[in-house]
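Input: a single structure, listed below in structure tokens.
The values are calculated or read from the model by the stated rules, or taken from the named source; none is laboratory data. All figures in this text were calculated on a predicted structure; none of them were measured in a lab. Here the Cβ positions follow ideal geometry from the backbone for every residue, glycine too, while neighbour counts run over all protein chains shown.
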Amino acid sequence: MTAVVQAEGLTKYYGSRRGLADLTMEIQPGEVFGYLGPNGAGKTTTIRLLLDVIRPTSGLVRVLGGSPREPAVRARIGYLPGDLVLESRDRALDYLRFLGRVRGGVPSSRIESLADRFDADLSVPMRKLSKGNRQKIGLIQAFMHEPEFVILDEPTMGLDPLVQHEFLALVREVRASGRTVLMSSHVLAEVESVSDRVGIVRGGRLVAVENVAALREKAVRRVELHFAAPVPRADFEGLPGVRDLRVEGAALACTIDGRPDALIKAAARHTVVHLVSAEPDLEEIFLTYYSDEEPPR
Amino acid sequence: MNGPLISKSLRDHRGVTFWWTVGISAFMALYLAVYGSIKESPEVYGPAMIAKFPGPLRDLMGGLADMTSGAGYLQTAVYQLFVPMLFIACATLLANRSLAGPEENGTLELVLTLPVDRRRLVLARLAALALGLLAVAAVTLLVAWGMSVVVDNGVAFGHILAGHLGVLLLGLFHGTVALAVGAATGRRLVASAVVGVWVVAGYMVVTVGRSWDAISWLKWVSPFHYYAEGRPLYEGVPVGDYLVLAGATVVLALTAVLAFDRRDVGV
Ligand SMILES: Nc1ncnc2c1ncn2[C@@H]1O[C@H](COP(=O)(O)OP(=O)(O)OP(=O)(O)O)[C@@H](O)[C@H]1O
Ligand SMILES: [Mg+2]
């Protein structure tokens, strides 16, 4: 199967300013790829290269097996720009219809059903839209022609929680239908629940690509157990993955690296009355990518 | 796939084209209305009065050879300076709203990612520019002709058409200059500046500077030379000159297409 995105040594300089350096990666069909990084990391630069808005200084990029210069390739992509500008006096509906016509026709029923989902008012002149409502129009136009590949630059920016929820549901549907999504964000929490893999970019370089499931497995979580009677500390000492162990009478607290299996089996020898396990904080692991290393020069 | 692009641009242009049509029509109607009183009292506006104008100013207005004949007045008041300038300004405005403006305000990015070849996008914007300008020219031509009939200045429709066609070509040429510079730089200011300098220099060369040997050869790169030299209001369409203007416009259009096709947009 040809990769949806294939980048090799992709590099972009704006004059002498580095936007992106030597990006090599692949995105496979059917996956949701979260593209993460702090401000100025190079996310928008990468995305604009994928859509031929800007041209690489060096390196190669192929999208859906072809060059993004070809209109036929772009026809199969849906795109939400990071800073979407909708300035006209036209109603949003007219603009969406225009985009649909240029894309060779989009049924208005599909526009309407997306507008319903996001609770977007399409009869308002676009320049009068609030930030979040503008973002909704951007999302509708990115999804309305049912593209094979959806590229979203900070899609959740400005959306209220309800709409964010609806948006994530839509992304899941797109993945379920075998299509591919690339979405950028500053924080893992926003994309974690839908992403299969996340790439982390910093200072123009891709510093890590992680499987979200693997990341979750690596995650540190805090666990508290309460037993019917006091338990001996020795029963829990030295268990694989268990750290920061504290036993006080019938209560036990520790952190777990990876799988909680050994701890559960050890606890099963006593009567457990209460168990608390905090959600793994992926953000925390994730942030180590930001802080561990100096940004490469 | 160009149809929707062109009709969208025309929709975006309709405010500008409407109001400029109204403005230019009002200007022409006013000036032509005045001709009635000039015709009545030629002695007031005759050579004696014109002699009072300082020489350079007379040159600037194309000589002011005869203000009292119908064609002479129409030429001086309408087709010499003001209406061409209004057309050029209108064309530059439309051109800037076609590419450089959308690039500067950020609306162009989404359009670029549509399945339309960049070259076709530029051509579609050019087509909309030309159609918008054509609409302005068509209505204002009717006004010029209608008012000429009303004040009975005796200028044949064919000659008014010839002058008006020249104005349209001048507008198109400069609009295409603005579009080409905007396509190459993405900056409205640069595009307007290039048009402004070329217009002022070009106009001066064929008027004030025409008797000044050191610069008179520059008339060959002045669009106004190809517009005014053939005296369309008196002689009808100067075919060769107009073809030069049209040809130069086509060359500029191709330049715009090529320049835009190789650029990073929005940086
Ligand atoms: N048009 C431009 N001209 C010069 N430098 C630019 C330009 N666009 C981006 N850059 C630089 O390239 C680097 C990457 O920018 P980019 O916009 O790709 O970051 P980003 O990850 O999208 O950031 P954000 O989260 O703030 O949107 C930054 O250092 C930025 O200053
Ligand atoms: Mg960005």
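Scanning the stretch B:157-185 for residues that are surrounded by 23 or more Cβ atoms within 10 Å (Cβ to Cβ) and under 12 Å from B:ALA256 (Cβ atoms) returns B:GLY175, B:THR176, B:VAL177, B:ALA178, B:LEU179, B:ALA180, B:VAL181, B:GLY182, B:ALA183. Within the stretch A:141-162, track down each residue that is of a type in the set (A, V, I, L, M, F, W, C) and either within 16 Å of ligand 2 (Cβ to nearest atom) or within 18 Å of the chain's Cα centre (by Cα) (or both). Residues satisfying the conditions are A:ALA142, A:PHE143, A:PHE149, A:VAL150, A:ILE151, A:LEU152, A:MET157, A:LEU159, A:LEU162.
A single entry from A:VAL53, A:VAL61, A:VAL106, A:VAL73 fulfils the requirement of being at pLDDT 95 or above and away from ligand 1 (no atom under 16 Å from the Cβ): A:VAL73.
Could you tell me which residue of the stretch A:18-53 is surrounded by the fewest Cβ atoms within 10 Å (Cβ to Cβ), considering only residues that are β-branched (Val, Ile, Thr) and away from ligand 2 (no atom under 12 Å from the Cβ)? Step by step, filter the stretch A:18-53, then rank; the result is A:THR24. The requirement of being in a loop (DSSP other than H, G, I, E, B), more than 23 Å from A:THR11 (Cβ to Cβ), at pLDDT below 95 and within 16 Å of ligand 2 (Cβ to nearest atom) is fulfilled somewhere in the stretch A:85-92, by at least one residue. The set of residues from the stretch A:1-59 being among the hydroxyl-bearing types (Ser, Thr, Tyr) and either touching a Gly at 6+ places or on another chain (Cβ under 7 Å) or over 22 Å from B:ARG118 (Cβ atoms) (or both) comprises A:THR2, A:THR11, A:TYR13, A:SER16, A:THR24, A:TYR35, A:THR44, A:THR45, A:SER58.
Based on what the data block shows, is B:ALA128 farther than 30 Å from A:PRO81 by Cα, assigned to a helix (DSSP H, G or I) and small (Gly, Ala, Ser)? When the stated conditions are applied, B:ALA128 does not pass them. Would you be able to say whether some residue in the stretch A:174-192 is more than 14 Å from ligand 1 (Cβ to nearest atom) and without any contact (Cβ under 8 Å) to a residue 12 or more places away in the chain? The answer is yes, given that some residue of the stretch A:174-192 is more than 14 Å from ligand 1 (Cβ to nearest atom) and without any contact (Cβ under 8 Å) to a residue 12 or more places away in the chain. Scanning the stretch A:41-84 for residues that are assigned to a loop (DSSP other than H, G, I, E, B), more than 10 Å from every other protein chain (Cβ to nearest Cβ) and without any contact (Cβ under 8 Å) to a residue 40 or more places away in the chain returns a single hit, A:SER67.
Restricted to helices (runs of 4 or more DSSP H) entirely inside the stretch B:195-267, those with at least 3 residues that are more than 14 Å from every other protein chain (Cβ to nearest Cβ) and surrounded by 18 or more Cβ atoms within 10 Å (Cβ to Cβ) are B:223-228, B:239-261. For A:TYR35, the criteria (1) within 15 Å of the chain's Cα centre (by Cα); (2) assigned to a strand (DSSP E or B); (3) away from ligand 1 (no atom under 13 Å from the Cβ) hold in every case but one, which is (3). The criterion of at least 1 residues that are modelled with pLDDT under 95 and aliphatic (A, V, I, L, M) is met, among strands (runs of 3 or more DSSP E) falling completely within the stretch A:148-237, by A:197-202, A:205-211, A:220-227. Taken over the stretch A:1-17, residues that are part of a strand (DSSP E or B) and either exposed (fewer than 15 other Cβ atoms within 10 Å of the Cβ) or without any contact (Cβ under 8 Å) to a residue 40 or more places away in the chain (or both) amount to 4.
Taking the listed residues A:ASP196, A:ASP235, the one that is under 21 Å from A:ARG259 (Cα atoms), exposed (fewer than 15 other Cβ atoms within 10 Å of the Cβ) and charged (D, E, K, R) is A:ASP235, with no other qualifying.
Each residue in the stretch A:93-113 was checked for being part of a helix (DSSP H, G or I) and either of a type in the set (A, V, I, L, M) or within 7 Å of chain B (Cβ to nearest Cβ) (or both), and 7 of them qualify.
Among the residues of the stretch A:121-133, not a single one is of a type in the set (Asp, Glu), buried (at least 20 other Cβ atoms within 10 Å of the Cβ) and either modelled with pLDDT of 95 or more or farther than 14 Å from A:VAL194 by Cβ (or both). Entry remark, the stretch A:79-93: residues being buried (at least 23 other Cβ atoms within 10 Å of the Cβ) and more than 14 Å from B:PRO102 (Cβ to Cβ) number 3 in total.
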